[in-house]
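I have placed the structure first, in the form of structure tokens, so that the comments after it can refer back to it.
The values are calculated or read from the model by the stated rules, or taken from the named source; none is laboratory data. Bear in mind the structure is a predicted one, so any value in this text is a computation, not a measurement. Cβ coordinates were reconstructed from backbone atoms using ideal geometry, including for glycine residues, and neighbour counts include every protein chain displayed. These area figures cover heavy atoms from the full protein model, side chains too; ligands, DNA and RNA do not enter into them. Shrake-Rupley method; radii C 1.70, N 1.55, O 1.52, S 1.80 Å.
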Amino acid sequence: MIKLGAMGLAVAMLLQPSSLALAQPSAQDSSKQKMIADLKELAGAGDVKSQVLLGLAYLTGDGVHKDDAEAVKWLRKAADQDNAAGERYLAEMYFKGRGVPADNGEAAKWLRLAAEQGDAQSQHNLAVLYTQGLGVPRNVKEALKWMRKSAEQGLAAGQVGMGVLYENGDGVSEDPVEAVTWYRKAVEQNDASGMNNLALLLATSKNERVRNPQEAVALATKAVAAANNPDYLDTLAAAYFAAGQTDKAIEAEQKALAINPGNDSYKESLQKYLGANGGR
């Protein structure tokens, strides 16, 4: 059963580089310090965008000493002015326990405020919380509502999430054809997780309208090329096996195990492929 990742917050916005002009490696230190000084002045005067950027600078240590508590301070100032980006980042600080005690309930509160303003990433992240019952009671209908809102705004993670919900029949009737439709939307944006999920569904589905091992191999190969993820190699192995290329399935599964040697699921799959290949 495909799941929505330990947190599509998991897209880990906190780890993505901010769009600070001062983040360019070619900038002189003096120029960067001038930019930081300007940000501090504007943020202190209440400019909400500067507050978010200053918070992210403290979060990443870009031009200032890394300081999660100081990051929270400025992100909260932006969030208190109903800035959706500030609310989303503050939510993730609570979810991760950075600069504040970890608190899923607070994370959900701030995410909802941002989601209600139409922030697609917050809508997706809130949907994940409802799917997993983190900070809110598990509620698949609410999860579906917010996931659909993010997907309809074109967020690839939301489109993958919709595919997962339809594939698993979570909050909706199980519908692999509809799952394929949503996964393809993410694939069109070159989203590696969309490629992986679609490949696995095409390789393993019993629905003849969906099953397509050859396309699964092509998609899984692209996903593996895009990210060094052992799960993607595991999917590639499943696709090769479904396409009757057992030797390649064994090779791909062995590569997955080389990255994550303790994964029991990978070990079981490898044994299945070896058994089908006469133990060679």
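Pull up the range 76-113, narrow it to residues that are charged (D, E, K, R) and touching a residue at least 40 places away in the same chain (Cβ under 8 Å), then point me to the one that is most open to solvent (accessible area, probe 1.4 Å). For the range 76-113, the residue satisfying everything is Lys96. Residues that are part of a helix (DSSP H, G or I), touching a residue at least 40 places away in the same chain (Cβ under 8 Å) and buried (at least 24 other Cβ atoms within 10 Å of the Cβ) occur at least once in the range 167-189.
Within the range 129-152, residues that are within 17 Å of Phe95 (Cβ to Cβ) have Cβ atoms under 6 Å from residues that are buried (at least 18 other Cβ atoms within 10 Å of the Cβ) and of a type in the set (Phe, Trp, Tyr) in these pairs: Val136/Tyr130; Ala143/Tyr130, counting only partners at least 6 apart in sequence or on another chain.
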